[in-house]
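Down below is the structure, laid out as structure tokens.
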Amino acid sequence: MNLHEYQGKLLFAQYNLPVSKGKVIFDASDAEDACNEIGGSKWVVKAQVHAGGRGKSGGVELIDSVKSATRFAERWLGKRLVTYQTDKKGQLVNSILIEECTSISKELYLSAVVDRDSQKIVFIGSSEGGVNIEDVAKNSPEKIIYQGIDIENSNAKEEALSISRVLGLNDIQTKQFIPMIENLLRLFIEKDLSLLEINPLVINDNGDLHCLDAKINIDSNALFRQPELQEMYDETQEDPQEAEAAKSDLSYVSLDGNIGCMVNGAGLAMGTMDTIKFFGGNPANFLDVGGTATQQRVAKAFKIILKDKEVKVVLVNIFGGIVRCDLIAEGVVAAMKEVNINIPVVVRLEGNNADLGAQILSEANIAIHSINNLSDAANKAVELAK
């Protein structure tokens, strides 16, 4: 689960990390009061979406009047912001973060992720901040440090010193940085994070370290023990179909094609999409209905797929291992009658009782193309989509 920047900074403040004085607003009429409450004569206004690249897309501005803050909020609240990290629809802006203007002497990069190979939390630091870290890794790898920290090690001083040297911090800044790393590590562990990123971590004109941004991802599998973070979930930032699928425990990801895919098993779903691409088609989604593809789950999956108006045909690819193909076929037939599908459906069944399942489909008296070979089924779906 992702957090907005303002939510991440609330957590930063709880862990004694230096952040800018700011206020989040949800209505443009509150912009003037927010600026006056923060004080000063210059502010930064930031559209809050779960995507990077906001500044390059007009979603971040430096302003010098309260009227400008109101105009910015009026322009973005209720609108969709498109960045290089969103799809062509963009993401809905429901809130605006207004912050005091922070002087910047130098921009750095700092993040933390879970490294499964070493079974450690790895901090990634770079003397080049405010840019895509991928570009730095490609063009100037010597400017990046990957520092693993054993979570059993309560004292991260030595690791912090190693990172500070790569960041080029002086003695005073290093003294600030050591407790910062310790607090970030504590935040990461206590809140079950999977990603923490500060880009940029800046040195201000006073020579002090300051967290100018906050990107936080929480391990969704651990949300049951983070109820206060779960309340921060913003459903509007998710694809509507993906959010609906998650409620039904279906693994669904929207794509840009026109062939809807319903498959049981993540690996088989990936293979199905690859086969569609091989024959010149484009999958509209990834959808794993799981090992127990019951009638109810299949019906729900059909409904979610059909909400995408670009879908011209549905390809169902089921391997009968845990469940029998005849039961799956009965579920597909019943689900199609329930949902009243009016586009072509191609079904490929393989595995336990596949022949019986194919017979049920052929005798169902509904428009199903039953094909027992994946290549032929994918090729047929591509033809029908045209």
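Listing for the model above:
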item: Meets criteria (out of contact with any helix residue (DSSP H, G or I) (no Cβ under 8 Å at 6 or more places or on another chain), of a type in the set (Phe, Trp, Tyr) and crowded, with 17+ Cβ neighbours inside 10 Å) for residue 76; result: yes
item: Selection status of residue 360, under 15 Å from residue 272 (Cβ atoms) and assigned to a helix (DSSP H, G or I); result: no
item: Search result, residues across segment 243-287 that are touching a Ser or Thr at 6+ places or on another chain (Cβ under 9 Å), in a helix (DSSP H, G or I), buried (at least 17 other Cβ atoms within 10 Å of the Cβ) and without any contact (Cβ under 8 Å) to a residue 60 or more places away in the chain; result: 245, 269
item: Residue within segment 188-209 that is closer than 25 Å to residue 225 by Cβ, assigned to a helix (DSSP H, G or I) and aliphatic (A, V, I, L, M) present; result: yes
item: Residues that are farther than 18 Å from residue 311 by Cβ and in a helix (DSSP H, G or I), drawn from segment 367-378; result: 374, 375, 376
item: Residues satisfying the stated conditions in segment 288-307, i.e. more than 19 Å from residue 377 (Cβ to Cβ) and not in a helix (DSSP H, G or I); result: 290, 291, 292, 294, 307
item: So residue 28, is it surrounded by fewer than 20 Cβ atoms within 10 Å (Cβ to Cβ), closer than 20 Å to residue 79 by Cβ, small (Gly, Ala, Ser) and in contact with a helix residue (DSSP H, G or I) (Cβ under 6 Å, 6 or more places away or on another chain); result: yes
item: Failed item in (1) surrounded by fewer than 22 Cβ atoms within 10 Å (Cβ to Cβ); (2) in contact (Cβ under 8 Å) with a residue 24 or more places away in the chain; (3) closer than 30 Å to residue 55 by Cβ, with residue 216 passing the rest; result: (1)
item: Subset tally (residues that are surrounded by 15 or more Cβ atoms within 10 Å (Cβ to Cβ) and hydroxyl-bearing (Ser, Thr, Tyr)) for segment 112-145; result: 2
item: Residue 40 being in a loop (DSSP other than H, G, I, E, B), farther than 25 Å from residue 193 by Cα, over 24 Å from the mean Cα position of the chain (by Cα) and not assigned by TED's automatic domain parsing to the domain that holds residue 204; result: yes
item: Breaking point among (1) touching a strand residue (DSSP E or B) at 6+ places or on another chain (Cβ under 7 Å); (2) under 24 Å from residue 39 (Cβ atoms); (3) touching a residue at least 40 places away in the same chain (Cβ under 8 Å), for residue 106; result: (2)
item: Top-ranked residue of segment 319-338 - restricted to ones that are among the β-branched types (Val, Ile, Thr) and modelled with pLDDT of 80 or more, ranked as surrounded by the fewest Cβ atoms within 10 Å (Cβ to Cβ); result: 333
item: Residues located in segment 159-180, provided they are in contact with a strand residue (DSSP E or B) (Cβ under 7 Å, 6 or more places away or on another chain) and hydrophobic (A, V, I, L, M, F, W, C); result: 163, 166, 167, 177, 180
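Per-residue answers, yes or no, for (1) outside the structural domain of residue 92 (by TED's automatic domain parsing); (2) in contact with a strand residue (DSSP E or B) (Cβ under 8 Å, 6 or more places away or on another chain); (3) under 30 Å from residue 288 (Cα atoms); (4) among the hydrophobic types (A, V, I, L, M, F, W, C):
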{"residue": "157", "(1), (2), (3), (4)": "yes, no, no, no"}
{"residue": "186", "(1), (2), (3), (4)": "yes, no, no, no"}
{"residue": "193", "(1), (2), (3), (4)": "yes, yes, yes, yes"}
{"residue": "198", "(1), (2), (3), (4)": "yes, yes, no, yes"}
{"residue": "202", "(1), (2), (3), (4)": "yes, yes, no, yes"}
{"residue": "211", "(1), (2), (3), (4)": "yes, yes, no, yes"}
{"residue": "217", "(1), (2), (3), (4)": "yes, yes, yes, no"}
{"residue": "249", "(1), (2), (3), (4)": "yes, no, yes, no"}
{"residue": "254", "(1), (2), (3), (4)": "yes, yes, yes, no"}
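The values are calculated or read from the model by the stated rules, or taken from the named source; none is laboratory data. Computed from a prediction, not measured in an experiment: that's the story for all the values here. As a convention, Cβ positions derive from the backbone with ideal geometry for all residues, glycine included, and neighbour counts pool all protein chains shown.
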